[in-house]
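Notes follow the structure.
The values are calculated or read from the model by the stated rules, or taken from the named source; none is laboratory data. It should be emphasised that the depicted structure is a prediction, and the values quoted were computed from it without experimental measurement. Here Cβ is always computed from backbone atoms with ideal geometry, including for glycine, and neighbour counts include all displayed protein chains. Ligands, DNA and RNA are excluded from the accessible area calculation, which covers all protein heavy atoms including side chains. Shrake-Rupley method; radii C 1.70, N 1.55, O 1.52, S 1.80 Å.
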Amino acid sequence: MMLKKLLIVAGCISMGALSATTHAASEYPNKSIHLTVPFAAGGVTDLTARTFAKQLSGSLKQPVIVENRPGAGATIGANHVAKSSPDGYTLLLGTNVTHAITPQMMEKSPYNPLEDFQPIAMFGLNGNVLLVKQDFPANTFEEFLDYIRNSKNELNYASGSIGSSAHLAAELLKIEVKDIQYTHIPFGGPSEAMSALIGGHVDFMFTNIGAAVSQTKSGKVKALAVTTAKRNTELPNVPTIAESGVPGFEVVGWLAAFAPKNTPPATTQKLNALINASQENTDLRKTLDTASVIPVIYTPEETATFVKNEYEKWGNVIRAAKIPKM
């Protein structure tokens, strides 16, 4: 009899806790939400965060405040969110850097990108473009590969930093094509790398499409191919690497929303629905299309699968390229 009473009491407590959780989720949000960007202000990540924050603030009837927390290869901001309360009020704009690259290049990452977060939705994809200096003796991707194969002097390429998407794109190409070689020269950021290319101090580089359009159209550099699966609307005459002799080649920077693990599913689903709906907003698309951010509509589960696949893909490249740990 006593055991029966205890079971009844325990059941009531469990139902009460479930009811409280459901009630809290249904009232979400009742205060401002902080969206952490683990990079400095400016650039595609910051623009994407602020553009979506504006739309979500209107939909949620609460302020969505963007906070820039750069540093340590974007791990400071990411770790801040990973260690925050799982209540849906502290979110992360995560990228391939925070969740697929940097943690695998560190001797010890302060967070586990696959276990310490709840993926919510994709903000979008952002491809790279292969640029060569203005007087480079190749005008197509095929000519570019032939020149590298036949060159007596080893070529060099620039990137904004070791472990950046631009760095790993070049290393992936080396793995896929196999019979080409070149040397990596990292700079103190994408703008410095671009300046080196324009000045003719390096032979080529991969960089964000949105950041390269003006330099390409002005003739300061030549665009030979994009790394996305489809051609980019801002550079419609520039083919993809996949269609230029390396089938299946694809490198995308990506931006996604994450919450700390154990965030209530109802909260995650609500945010997912609103982020996906925002993709259709005319003003949002006008801003992000200009920055070459490609819209993606995924469920939380699809976002998690995408992140896991990216983690495995870039882990393989990092190991194959023998990039030293930081």
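Among rounded, prolate and oblate, which fits the range 133-222 when a ≥ b ≥ c are the square roots of the eigenvalues of its C-alpha gyration tensor, a/c under 1.5 means rounded, and a/b larger than b/c means prolate?
Taking the square roots of the gyration eigenvalues as a ≥ b ≥ c, the range 133-222 is oblate.
How big is the accessible area of THR268 in square angstrom, nearest 10, if you roll a 1.4 angstrom probe over the protein chains?
Only protein atoms counted, so the area is about 10 Å².
Semi-axes, largest first, in whole Å: what does sqrt of 5 times each Cα gyration tensor eigenvalue give for the chain? Walk me through the numbers before you get to the answer.
Values: eigenvalues 359, 89, 53 Å².
They are 42, 21, 16 Å, listed from largest to smallest.
Quote the FRET efficiency, to the nearest 0.05, computed for ARG231 versus ALA321 with a Förster distance R0 of 35 Å and r equal to the Cβ-Cβ distance.
Numbers: r = 27 Å, r/R0 = 0.78.
Computed FRET efficiency for ARG231 and ALA321: 0.80.
Using the C-alpha atoms of the range 43-122, what convex hull volume per residue, in cubic angstrom, is computed?
With only Cα atoms used, the range 43-122 gives 96 Å³ per residue.
Subtracting the Cα-Cα distance from 0.36 nm times the residue separation, let me have the gained length for ASP179 to LYS83 in nm, one decimal.
Net length gain for the segment: 30.1 nm.
Starting from the Cα of LYS261, step 7 Å along the direction of its Cβ; do the same at GLU107; then give the gap between the two resulting points in nm.
Going from the LYS261 label point to the GLU107 one covers 2.5 nm.
Calculate, in nm to one decimal, what GLU142 and LYS308 gain on full extension: separation in residues at 0.36 nm each, minus their alpha carbon distance.
The span from GLU142 to LYS308 would gain 56.6 nm if fully extended.
Carbon and sulfur: what percent of the chain's accessible surface (1.4 Å probe)?
The computed percentage sits at 56.
Rolling a 1.4 angstrom probe over the protein heavy atoms, how many square angstrom per residue are accessible across the range 80-184?
Dividing the accessible area of the range 80-184 by its residue count gives 38 Å².
Checking the a/c ratio against 1.5 first, then a/b against b/c, what shape does the Cα gyration tensor give for the range 38-82? Walk me through the intermediate numbers first.
Numbers: a/c = 3.44, a/b = 1.74, b/c = 1.97.
Oblate.
Would you mind telling me which residue in PRO239, PRO137, PRO103 has the biggest mean-square fluctuation in a Gaussian network model of the chain, where springs connect alpha carbons within a distance under 10 angstrom?
Evaluated over the chain, the most mobile residue of the options is PRO137.
Quote to one decimal, in nm, the extra length available between ALA72 and SER57 on full extension: 0.36 nm per residue of separation minus the C-alpha distance between them.
2.5 nm
Using Cα pairs under 8 angstrom and six or more residues apart, how large is the relative contact order of the chain, in percent?
26
With all protein chains present, calculate the accessible area of HIS184 using a 1.4 Å probe and round the result to the nearest 10 Å².
Spelled out: HIS184, probe radius 1.4 Å, area about 40 Å².
Provide the per residue accessible area, probe 1.4 Å, for the range 261-315, rounded to a whole number of square angstrom.
On a per-residue basis, 51 Å².
What accessible area, in Å² to the nearest ten, does a 1.4 Å probe give for GLU250?
70
Where in the chain are the DSSP H helices whose alpha-carbon span along the long axis reaches 24 Å or more and whose Kyte-Doolittle mean is at least -0.5? Kindly include the intermediate steps, with their values, before the conclusion.
Values: long enough: 2-27 (38 Å, 0.95); 43-60 (25 Å, 0.12); 300-320 (30 Å, -0.93).
Span-like helices, by this rule, are 2-27, 43-60.
Residues with beta-carbon under 15 Å from that of GLU142, excluding GLU142: net charge, scoring Lys, Arg +1 and Asp, Glu -1?
Net charge in that neighbourhood comes out at -3.
Taking only the C-alpha atoms, wrap a convex hull around the range 210-308 and report its volume per residue in Å³ as a whole number.
119
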